[in-house]
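Before any comments, here is the structure.
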Amino acid sequence: MKRSLLVLVSAFIMLTCQEERTINFNEDIRPIFNEKCIGCHGGVKQAGGFGLVFRENALRETDNGKFAIVPGKPGQSEIIARVRHENEELRMPFEGPALSEEEIHLLETWIEEGAEWEEHWAYLAPTKPEIPVIEGGQPDNSIDAFVMAALLPYDLVPAPRAPKRELLRRVSFDLTGLPAPEFLAEVFLSGDLAYEVLIDSLLAQPSYGEHQAAKWLELARYADSRGYERDRPREIWRYRDWVIKAFNDDLPYDDFVTHQLAGDLLPDPTEDQLVATGFHRNTLSNGEGGTENEEFRVASVIDRVNTTWEVFQGTTMGCVQCHAHPYDPIRYEEFYTSYALFNNTVDHDHVSEAPRLRTLYAADEVKYKRLEDWVTEHAEEEARTQVQSWRQLIKVREPRLRPDLFENVEGGVFTARADEDIMFLRPGNSFALPPRDLSEVAALHVNLRPLGSGTLEVRLASPTGQLLITHAFERGRQEDIRLPLVIPGGERVLSIVTRGDGNGKILAIDAIGYEPKLPGAEQPGAEDIKTFIGDLLAAKDSVNTLIMVETTDESRRKSYLFERGNWMVHGPEVTGGVPKLLDGEADTPIENRLDFARWLTNPDQPLTSRVAVNRTWGQLFGIGLVATTEDIGSQGSKPKNQQLLDYLATEYSGPLGWSKKRLLRQIVLSNTYQQSSRATPQLLAKDPHNELLARGPRKRLTAEEIRDQALAVSGLLTEKCYGPSVMPPQPDGLWGTITHSRNEWVNSTGEDRYRRALYTHLRRSAIHPVMSTFDASNRELCLSRRTITNTPLQALMTLNDPAYLEVAERLADEVSNLPNVPARIDGLYELLLRRPAEPLEQQVLVQLYDDAYATHQDAHTALTVVANALLNIDELLTIS
């Protein structure tokens, strides 16, 4: 009797506690809405006038005149009546299984408590959680405390530490993408090198930056070609080199982000900071003759918006181009406030891919330095600004006026096509430049292509105004000409007039720029500097690197909302900004890319540090703390350990100072990372994807790592860093199917043949087979997470590709001096995996050797067959 009474009392207490528990919207209600309701009542489709993405939509009157949710009154809330309705035609969810009684009770209680709304956890600024206290001994690394606390409800304990050999392989690949250097491996495995010292040594290797860059470049959609039909070559490898150096120098992530999004807008940008803006010049460019430039310029800007939000915010923004976000409270109009931030750059899908940063040959770089020094010495004020203006003129050739900005056009025809973004002029045609103050202008720079013979006149105010200068031209190639001007001060209008015989086109003009007056132009030595200016404008370029350049006042574009996402149908004008959901308490206007970058990297910004930490975790463990690294919004995976994510996010943007190396060091030093990856059937049943982290990571090597490993273990890999992309062997004819392809794959020789995969020339329409076979993207779009496949083609690649056969031959050479076949097989295992072969492995491979020898009657060939087979084994293609 007493026992029965105790049970009843306990049950009453439990029920009372459940009734008194306040309903949590994110924990209890949002999952029901997302799974059962939002398909019909989201941000796009709002059946019956009822939507659940925005609270104001959920509480408003629906199409039938009723209110779906009446805070405090579940009995008057139509949503409760409909989920309980007995008629299947009227019951919600429509054409789906009914809600459970428990789910309905949660909805009723939530409404009764006031139907309070919460933003999704990811859109709330992270606060550093308290580190869990672990009974029986507090871990030294806080990561382990969070993991151990999360394992307790599942009755799990961490796995033991991985064997040293496995841990060495794991951490070396995770930090450098390569097997550990021989000198480090030997001392670590012998016990003479501490694990912490091993980590610091690996982080200091140049290969660290290369490895991190390989992962970043897929986010940046880096490629050595432009995409679309012709997929012409593109020179942007200096951006790739900047990324490598940034990682090796451990450039803080906030600067890393800012330089890529807005390096050109910094007060005094260096050339490296200009090169960094190549991040958003990796967009596709259409050089097909009949395409309209504006269409594909707009496509590039849209891609920049989508990529920025995915890479730095883990937010899917693409759908908001046409309508409100289906699942997250981001409005349709807010896509275009982001669009406005990226809409005012000079690039315009022209076949030239301007603007580009010119790298001059050594002798011309000396002249340019002399010019900079002269300007710095003789500028009366704002020397830094004047130096920047001259650099823009000489090295970037911007800002310039394009034909779409010409005014009062008489007879000229502007084509606005990819390969003819120019104005054609006949004799007697004219146009005017926008009015501006010309008191500090020394000359016009006109980019033109003579189609016949004639003269070009520059006149003041009108086509019949005062003649300022005449330039005679004859049919020839496109060139930049310099037209010196002496003009009275003040705002003036310049008119350009063409003269010649006949009625045909005689001139095509691409762009016009202004040259500022040279400081100290009357000082001794100025004539030499003026000569240098002419030399530099005519100088050939060593390298041209695509960069971002902001438009000037007279060429600023207006931005509009696109009706239904159609770039040709403009709605209201919009200005720069960010979604209200994420704006927080910011009171500083966000008017350009630099404002936006600084907003992104504010430590209080809810997503930036979380997304960066989650991506880093995913690189190390094969799965992020939020599995959907590309989307941590309301439809993304729910983190199994949000407290750990928030702890690391606040550490990263706080005490760690946005240092990627310090973040990696903290994670790989944890016992969680060092665990054995071996799993029992029971553990696999409870946690098949290792989201609870009760064991160490196990993952397939990436395409880059697979190729680099083969070169490294055979001794063929060269340590050469940086420079133009290279062309290691690939099957003949792969580029033959590309339309209008005049370029050929020419196999590199010497050390370039054996460089890391990071440096392999990447043509979007036909990427190297090793990359495509092992799941790398073609870089047309940003890719946050590769889909890992396991197909027979991969085995065919590692068994038959000429590069792997060359590696196998080299491996056979390395062990051929050992006394017998079993010793040579052990030698191969030591080279590949730093262990001898197991007895069964010996047995199988000796048989393979014997069969190959019987076929080829050559010991080296037979050993090459064995080495080739080992390049395909699972243990070599994975890390555990």
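The values are calculated or read from the model by the stated rules, or taken from the named source; none is laboratory data. None of these values were measured; they are calculated from a predicted model. Backbone-built Cβ (ideal geometry, glycine too); neighbour counts: all protein chains shown.
The set of residues in segment 402-417 that are under 14 Å from T552 (Cα atoms) and surrounded by 19 or more Cβ atoms within 10 Å (Cβ to Cβ) contains only R402. Segment 95-209 holds helices (runs of 4 or more DSSP H) entirely within its bounds, and those carrying 2 or more residues that are surrounded by 14 or more Cβ atoms within 10 Å (Cβ to Cβ) and not assigned by TED's automatic domain parsing to the domain that holds T22 map to 142-151, 164-176, 182-189, 195-203. Take the residues of segment 352-385 that are at pLDDT 90 or above and of a type in the set (S, T, N, Q): which is farthest from N293 (Cα to Cα)? Selected residue: T376. One residue stands out in segment 22-45 among those that are at pLDDT below 85 and farther than 20 Å from W121 by Cα: the one that is surrounded by the fewest Cβ atoms within 10 Å (Cβ to Cβ), namely K45. Listed conditions (1) assigned to a helix (DSSP H, G or I); (2) farther than 19 Å from V726 by Cβ are all met by G290, apart from (1).
Among residues of segment 417-439 that are free of Cβ contacts under 8 Å to residues at least 12 places away in the same chain, none has a Cβ under 9 angstrom from a residue that is among the basic types (K, R) at a sequence gap of 6+ or on a separate chain. Is it the case that segment 655-674 has a residue that's surrounded by 19 or more Cβ atoms within 10 Å (Cβ to Cβ), touching a helix residue (DSSP H, G or I) at 6+ places or on another chain (Cβ under 6 Å) and free of Cβ contacts under 8 Å to residues at least 40 places away in the same chain? Yes, there is a match, as at least one residue in segment 655-674 is surrounded by 19 or more Cβ atoms within 10 Å (Cβ to Cβ), touching a helix residue (DSSP H, G or I) at 6+ places or on another chain (Cβ under 6 Å) and free of Cβ contacts under 8 Å to residues at least 40 places away in the same chain. Which residue out of L664, L594, L648, L656 is among the hydrophobic types (A, V, I, L, M, F, W, C), part of a loop (DSSP other than H, G, I, E, B) and either modelled with pLDDT of 95 or more or within 23 Å of the chain's Cα centre (by Cα) (or both)? Sole residue among the options that is among the hydrophobic types (A, V, I, L, M, F, W, C), part of a loop (DSSP other than H, G, I, E, B) and either modelled with pLDDT of 95 or more or within 23 Å of the chain's Cα centre (by Cα) (or both): L656. Given G51, G65, which one is of a type in the set (G, A, S), in a loop (DSSP other than H, G, I, E, B) and surrounded by 13 or more Cβ atoms within 10 Å (Cβ to Cβ)? Of the residues listed, the single one that is of a type in the set (G, A, S), in a loop (DSSP other than H, G, I, E, B) and surrounded by 13 or more Cβ atoms within 10 Å (Cβ to Cβ) is G51.
Taking the stated definitions as given, is S634 part of a loop (DSSP other than H, G, I, E, B) and buried (at least 21 other Cβ atoms within 10 Å of the Cβ)?
Numbers: part of a loop (DSSP other than H, G, I, E, B): yes; buried (at least 21 other Cβ atoms within 10 Å of the Cβ): yes.
When the stated conditions are applied, S634 passes them.
Restricting E457, E381 to residues that are outside any strand (DSSP E or B) and over 25 Å from T359 (Cβ atoms) narrows the list to E381.
For segment 364-377, does any single residue satisfy the condition of being closer than 28 Å to T283 by Cα, charged (D, E, K, R) and buried (at least 17 other Cβ atoms within 10 Å of the Cβ)?
no
Evaluating N282 against the criteria (1) over 30 Å from H41 (Cβ atoms); (2) of a type outside the set (D, E, K, R); (3) modelled with pLDDT of 95 or more; (4) surrounded by fewer than 23 Cβ atoms within 10 Å (Cβ to Cβ) leaves one unmet condition, (4).
Could you list, in sequence order, the residues of segment 854-871 that are surrounded by fewer than 17 Cβ atoms within 10 Å (Cβ to Cβ) and either more than 22 Å from M797 (Cα to Cα) or not β-branched (V, I, T) (or both)? Of everything in segment 854-871, those that are surrounded by fewer than 17 Cβ atoms within 10 Å (Cβ to Cβ) and either more than 22 Å from M797 (Cα to Cα) or not β-branched (V, I, T) (or both) turn out to be A854, T855, H856, Q857, D858, A859, H860. Applying the criterion of at least 3 residues that are buried (at least 16 other Cβ atoms within 10 Å of the Cβ) to the strands (runs of 3 or more DSSP E) found wholly in segment 490-587 leaves 494-499, 507-516, 541-546, 559-562. Where residues in segment 820-850 are of a type in the set (D, E, K, R) and not in a helix (DSSP H, G or I), which of them is surrounded by the fewest Cβ atoms within 10 Å (Cβ to Cβ)? Of everything passing the filter in segment 820-850, E838 is surrounded by the fewest Cβ atoms within 10 Å (Cβ to Cβ).
Where residues in segment 697-742 are of a type in the set (S, T, N, Q) and closer than 27 Å to V243 by Cα, which of them is modelled with the lowest pLDDT? Can you show your working first?
So the first thing to find is which residues in segment 697-742 are of a type in the set (S, T, N, Q), and the list is 702, 709, 714, 718, 725, 730, 737, 739, 741.
Imposing the further condition that a residue be closer than 27 Å to V243 by Cα reduces the set to 702, 709, 718, 725, 730.
Values: T702: 96, Q709: 97, T718: 96, S725: 97, Q730: 90.
For segment 697-742, the residue satisfying everything is Q730.
Among the helices (runs of 4 or more DSSP H) confined to segment 715-817, the ones with at least 2 residues that are β-branched (V, I, T) are located at 769-773, 802-815. Taking segment 69-114 as the search range and keeping residues that are in contact with a Ser or Thr (Cβ under 8 Å, 6 or more places away or on another chain) and aliphatic (A, V, I, L, M), which one is farthest from F25 (Cα to Cα)? Restricting to residues being in contact with a Ser or Thr (Cβ under 8 Å, 6 or more places away or on another chain) and aliphatic (A, V, I, L, M), the top hit is V70.
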